[in-house]
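Notes follow the structure.
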């Protein structure tokens, strides 16, 4: 995972470590590195911030030994990356579901994103995540547009032993979502996961449908799922969905196949919403809670 990003950072640390720590020496090195970041799917504003902040932090730092200098560069780079990755809001799904359960209400999560990101499979993985923690789950098949979407979610429901509430194709997605929440309340189910139609962020009619589902159901969280392999498009999609619907968190899918890694750095900074999970494979277990500190440690080792 993220081999190119790791290699870029390693090369940067080596170059900066053997350079006198002055802005005039650091700026050309970081100017080259900025292009390396962009080539690895880091959005321009994020690449700018990383490089500008690093110059400010390292300018005229006095270090005597080469070993110490490497530690100083490493530590400052770590801090810069953490500032990019961290948001004001951390989301603890288990704390949220417990809080809702104490009020005898289900935790309601609405999933948005375009087709092909692995959204429906991700929903099944999250259902499994909650099941493994002994919470009951119900699925809402509110994607009434894409052929096969209802059957796909039903197949996941069958494998996991989870009820799927559905309508017919062309039906009202908001009504399906609303019925599912009511079903959960009536049966004491802990978690409602709502699958919505994958749509291009430029399709205003379908975006309006999403807004309607959100208005009717008032989900606890709107979660944006995005394919990490699409690079800077991931950032553009995240911005558009956040503007149109308002997202609370992101899940990056197909991270196990991502050699670049820039999407993970960029999406959080651009939306100021945390990544909560990353998808790392095909099975229901292949979902990891995302930890910004661990991510930064991994790309800098």
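On the basis of being out of contact with any strand residue (DSSP E or B) (no Cβ under 6 Å at 6 or more places or on another chain) and closer than 21 Å to residue 236 by Cβ, does residue 22 make the cut? It is false that residue 22 is out of contact with any strand residue (DSSP E or B) (no Cβ under 6 Å at 6 or more places or on another chain) and closer than 21 Å to residue 236 by Cβ. Tell me which residues, restricted to the range 281-294, are out of contact with any helix residue (DSSP H, G or I) (no Cβ under 6 Å at 6 or more places or on another chain) and surrounded by fewer than 19 Cβ atoms within 10 Å (Cβ to Cβ). Of everything in the range 281-294, those that are out of contact with any helix residue (DSSP H, G or I) (no Cβ under 6 Å at 6 or more places or on another chain) and surrounded by fewer than 19 Cβ atoms within 10 Å (Cβ to Cβ) turn out to be 282, 283, 285, 286, 288, 289, 291, 293, 294.
When you check residue 149 against the structure, is it closer than 13 Å to residue 196 by Cα, surrounded by 15 or more Cβ atoms within 10 Å (Cβ to Cβ) and without any contact (Cβ under 8 Å) to a residue 40 or more places away in the chain, yes or no? No. Of all residues in the range 51-91, those that are more than 30 Å from the chain's Cα centre (by Cα), at pLDDT below 85 and not in a helix (DSSP H, G or I) total 6. Filtered by the rule that a residue be part of a loop (DSSP other than H, G, I, E, B), surrounded by fewer than 24 Cβ atoms within 10 Å (Cβ to Cβ) and either at positive phi or at pLDDT below 85 (or both), the range 231-280 gives 231, 246, 254, 259, 260, 272.
Restricting 100, 104 to those that are in the same structural domain as residue 204 (by TED's automatic domain parsing), surrounded by fewer than 20 Cβ atoms within 10 Å (Cβ to Cβ) and within 24 Å of residue 277 (Cα to Cα) reduces the list to 100. Exactly one residue out of 158, 119 is at negative phi, assigned by TED's automatic domain parsing to the domain that holds residue 271 and modelled with pLDDT of 90 or more, and it is 158.
This table checks each residue for (1) over 18 Å from residue 268 (Cβ atoms); (2) in contact with a helix residue (DSSP H, G or I) (Cβ under 9 Å, 6 or more places away or on another chain); (3) exposed (fewer than 15 other Cβ atoms within 10 Å of the Cβ).
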position	(1), (2), (3)
26	yes, yes, no
30	yes, yes, no
34	yes, yes, no
44	no, yes, yes
76	yes, yes, no
86	no, yes, no
108	yes, yes, no
113	no, yes, no
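For the range 152-175, give me each residue that is under 26 Å from the mean Cα position of the chain (by Cα) and over 19 Å from residue 186 (Cα atoms). Answer for the range 152-175, where residues must be under 26 Å from the mean Cα position of the chain (by Cα) and over 19 Å from residue 186 (Cα atoms): 152, 153, 154, 155, 156, 157, 159, 160, 173. Considering only residues that are farther than 29 Å from residue 265 by Cα and outside any helix (DSSP H, G or I), which ones fall in the range 180-217? Within the range 180-217, 188, 189, 190, 191, 192 qualify. The residues listed here are 160, 193, 206; of these, the one that is in contact (Cβ under 8 Å) with a residue 40 or more places away in the chain, closer than 17 Å to residue 105 by Cβ and either surrounded by fewer than 21 Cβ atoms within 10 Å (Cβ to Cβ) or in contact with a strand residue (DSSP E or B) (Cβ under 9 Å, 6 or more places away or on another chain) (or both) is 193.
In the range 181-189, the condition of being free of Cβ contacts under 8 Å to residues at least 12 places away in the same chain and either touching a helix residue (DSSP H, G or I) at 6+ places or on another chain (Cβ under 7 Å) or closer than 20 Å to residue 206 by Cβ (or both) is met by no residue.
The values are calculated or read from the model by the stated rules, or taken from the named source; none is laboratory data. Since the model is a prediction, treat every value here as computed from it, not as a measurement. All Cβ positions, glycine included, derive from the backbone under ideal geometry; neighbour counts span all protein chains shown.
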